[in-house]
Amino acid sequence: MRYTAIFSLFVSIVLPALYGQDSPFPTIAGWETVAEETVYNAENLWDAINGAAELFLLYDFVDLRIARYTRGDSIEVSVELYRHRSASDAFGIYSQER
């Protein structure tokens, strides 16, 4: 429940900031991006999640985008955005992976 609340809060803050941007990853005050975002698609998803790629593909996977943010010298966060063709597919994989 706690993770759902944190995720919902993150989405409600970040999604409005993304409107009109090329990248789904916003600039966040006090944080720096470590490198360019990484993008995986159906052809190379195995490079990112070898053991689970086939399950994601069953749920009409579109792409995975990964960005890393740092704050100071000691805090690093990796953000992964999985996109599927429909909300039903996204929920389907979520229900398998939770």
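May I ask for the distance between the Cα centers of segment 63-82 and segment 34-57, given as a whole number of Å?
What the calculation gives is 15 Å, centre to centre.
Rounded to whole Hz and in sequence order, give me ³J(HN,Hα) for segment 70-87 from the Karplus expression 6.51 cos²θ - 1.76 cosθ + 1.60, θ = phi - 60°, writing x for Gly and Pro.
10, 9, x, 8, 10, 10, 10, 10, 9, 10, 10, 10, 9, 10, 10, 4, 9, 5
Can you tell me the length gained on complete extension of the stretch Ala87 to Trp31, counting 0.36 nm per residue apart and subtracting the Cα distance?
17.2 nm
Suppose the chain between Asp60 and Asp73 were pulled fully straight at 0.36 nm per residue; how much longer would it get relative to their current alpha carbon spacing?
Numbers: separation 13, 0.36 × 13 = 4.68 nm, distance 3.82 nm.
Taking 0.36 nm per residue and subtracting the Cα distance, the gain is 0.9 nm.
Every number in this text was worked out from the coordinates using simple rules, so none of it is lab data. It should be emphasised that the depicted structure is a prediction, and the values quoted were computed from it without experimental measurement.
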